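Comments concern the structure below.
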Amino acid sequence: MHEIVMKHGLNPSFTRPIKPRSVKPVEAYINYDFEEIEVNFNDDLEKVVVVIQDQTGQEVCSYCCDTNSEPVVSLPLPISEGAYTLRVMGETYEGEGVFDL
């Protein structure tokens, strides 16, 4: 698996700041064997939307979940080559990571 490096805490208006620690609140990986992107939630971030966008900003795939009941989410890997952005957005968290295929 290939890690997608997530930038955390992109929205400073959140009341619950992400504290520096050894475990990241969200980790994401490309699993080429299963042709999917796996998103792991290490914190209960409540309800979030996970979105994959292509280089033009067009939404390729999205999924809504409650991280309390779904600590791992799998999204299909885009089929076209190019640059993509993975975004995770919720009431208490916002983060993104960029990856190329």
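What the table below lists for this structure:
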| item | result |
| --- | --- |
| Residue within region 50-57 that is open to solvent by less than 50 Å² (accessible area, probe 1.4 Å), at pLDDT below 90 and at positive phi present | no |
| Meets criteria (acidic (Asp, Glu) and assigned to a strand (DSSP E or B)) for residue 38 | yes |
| Tabulated pairs, region 38-54, first over 11 Å from residue 94 (Cα atoms) and without any contact (Cβ under 8 Å) to a residue 60 or more places away in the chain, second open to solvent by less than 10 Å² (accessible area, probe 1.4 Å) and part of a loop (DSSP other than H, G, I, E, B), C-beta under 7 angstrom, 6+ apart or interchain | 41/67; 42/25; 43/25; 44/67; 46/67 |
| Long-range neighbours under 6 Å by Cβ, at least six apart or interchain, first residue free of Cβ contacts under 8 Å to residues at least 40 places away in the same chain within region 84-101, second among the small types (Gly, Ala, Ser) | 100/83 |
| Condition check for residue 100: more than 14 Å from the chain's Cα centre (by Cα), of a type outside the set (A, V, I, L, M) and open to solvent by 20 Å² or more (accessible area, probe 1.4 Å) | yes |
| Among the candidates 36, 46, residue that is modelled with pLDDT of 95 or more and over 13 Å from residue 6 (Cα atoms) | 36 |
| Selection count, region 27-45, where residues are of a type in the set (Asp, Glu) and exposed (fewer than 15 other Cβ atoms within 10 Å of the Cβ) | 3 |
| In region 77-101, residue modelled with the lowest pLDDT [restricted to those that are in a loop (DSSP other than H, G, I, E, B) and in contact with a Pro (Cβ under 8 Å, 6 or more places away or on another chain)] | 93 |
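The values are calculated or read from the model by the stated rules, or taken from the named source; none is laboratory data. Values in this document were obtained by computation on a predicted structure and should not be read as measured data. With ideal geometry, Cβ positions are generated from the backbone for all residues, glycine too; neighbour counts draw on all protein chains shown. Please note that ligands, DNA and RNA were not included when accessible areas were found on the heavy atoms of the full protein model with its side chains. Shrake-Rupley method; radii C 1.70, N 1.55, O 1.52, S 1.80 Å.
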